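The values are calculated or read from the model by the stated rules, or taken from the named source; none is laboratory data. These figures come from a predicted structure and were not determined experimentally. So basically every Cβ, Gly included, is an ideal-geometry build from the backbone, and we count neighbours across all protein chains shown. Just the protein is used for accessible areas: all its heavy atoms, side chains included, with ligands, DNA and RNA removed. Shrake-Rupley method; radii C 1.70, N 1.55, O 1.52, S 1.80 Å.
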Amino acid sequence: MFSERIGGLAGDDHAPLYKQLQRALREAIQKKVLGPDDALPAERDMAEEFNISRITVRKALDGLVSEGLLTRRQGAGTFVAARVEKSFSKLTSFTEDMISRGRVPRSEWISKAMGAVTPEESLTLGLSPGTPVFRFARIRYADGAPMALEYSTVAGFALPSAEVVGVSLYEALEATGHRPARALQRLRAVLFTAEQAELLGVPVKDAGLLIERRSFLPDGRAVEVTQSYYRGDAYDFVAELNALS
Ligand code: GLP
């Protein structure tokens with residue numbers, strides 16, 4: 001039984017019942033009794049098992065959904081969120097990040113083109129006006145679920161053509177000897193626009209993370225600037241911090 005699996009409600013404390021259920025679920029997730037993508041029983045069944053009202057169950061789940069611990073999939077139910085933990089200090093590609101977590105990466109192309117650098121790009125990439133660049137826009141998936149929208153601009157010297165980029169941009173750059181060696185990354189919270197929300201299959205104004213990466217070759221030349229709009233419920237950024245000695 002689910003209630004036995006997650007250890008039941010505390011019963012002996014005075015916290016509201018929805019909070020007790022939240023605590024039990026949170027602990028089960030932390031202790032990995034419940035794993036990523038595990039389905040929770042239907043609200044009605046949980047209400048019966050825990051002997052609480054369905055409204056109480058809903059209230060408990062709503063809170064955990066907004067904390068990002070659970071996700072609701074339309075028509076399918078409530079699941080433990082399958083967050084991807086991303087270490088901030090390694091210069092890896094989306095494809096590598098997903099594979100190392102046992103997930104299958106896939107991209108859907110929105111556009112792939114060559115053009116001339118815009119004034120803004122020429123500043124970020126340090127290229128002179130008019131220099132050719134490649135632009136790539138993609139929806140990035142893990143195990144079939146949309147994770148991020150990515151808009152990349154790559155310096156023209158780094159690739160022979162836009163067509164050589166298949167699943168992985170970094171793989172294509174590596175093949176030409178232009179894989180970035182260093183990057184500056186900045187992160188900020190965003191609310192998805194209607195267009196972005198539709199592409200990612202999330203509600204409009206849902207919270208997301210914008211990560212902008214500007215990456216450089218060993219010789220210091222900038223090679224890529226990418227804006228990635230990650231679904232807020234899909235990514236966790238983990239930074240390892242060391243005390244200065
Ligand atoms: C991450 C980075 C992007 C980079 C991308 C390359 O998502 N934030 O800056 O362009 O990885 O990934 P891939 O090689 O899978 O195309």
Looking only at region 1-32, count every residue that is in contact with a helix residue (DSSP H, G or I) (Cβ under 7 Å, 6 or more places away or on another chain), among the aliphatic types (A, V, I, L, M), at pLDDT below 90 and open to solvent by less than 70 Å² (accessible area, probe 1.4 Å) and tell me the total. 3
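Residues are listed down the side, and each one gets a yes or a no for (1) away from the ligand (no atom under 13 Å from the Cβ); (2) at negative phi; (3) β-branched (Val, Ile, Thr); (4) assigned by TED's automatic domain parsing to the domain that holds Ile211:
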{"site": "Arg54", "(1), (2), (3), (4)": "yes, yes, no, no"}
{"site": "Phe94", "(1), (2), (3), (4)": "no, yes, no, yes"}
{"site": "Pro105", "(1), (2), (3), (4)": "no, yes, no, yes"}
{"site": "Ile110", "(1), (2), (3), (4)": "yes, yes, yes, yes"}
{"site": "Leu127", "(1), (2), (3), (4)": "yes, yes, no, yes"}
{"site": "Ala137", "(1), (2), (3), (4)": "no, yes, no, yes"}
{"site": "Asp143", "(1), (2), (3), (4)": "yes, no, no, yes"}
Which ones in region 25-58 are over 26 Å from the mean Cα position of the chain (by Cα) and assigned to a helix (DSSP H, G or I)? Glu43, Arg44, Asp45, Met46, Ala47, Glu48, Glu49, Phe50, Arg54, Ile55, Thr56, Val57
Has region 150-165 got any residue that is closer than 30 Å to Thr71 by Cβ, within 13 Å of the ligand (Cβ to nearest atom) and touching an Asp or Glu at 6+ places or on another chain (Cβ under 8 Å)? yes
Taking region 197-240 as the search range and keeping residues that are of a type in the set (D, E, K, R) and farther than 15 Å from Ser66 by Cα, which one is surrounded by the most Cβ atoms within 10 Å (Cβ to Cβ)? Glu224
Qualifying position, being more than 30 Å from Asp236 (Cβ to Cβ) and more than 18 Å from the chain's Cα centre (by Cα), among Val117, Val154, Val165: Val117
Search region 180-201 for residues that are without any contact (Cβ under 8 Å) to a residue 60 or more places away in the chain and outside the structural domain of Arg72 (by TED's automatic domain parsing) and pair each with any residue that is exposed (fewer than 14 other Cβ atoms within 10 Å of the Cβ) and outside any helix (DSSP H, G or I) when their beta-carbon atoms are under 7 Å apart and the residues are at least 6 apart or on different chains. Leu191/Lys205; Phe192/Val204; Phe192/Lys205; Ala194/Val204; Ala197/Pro203; Ala197/Val204
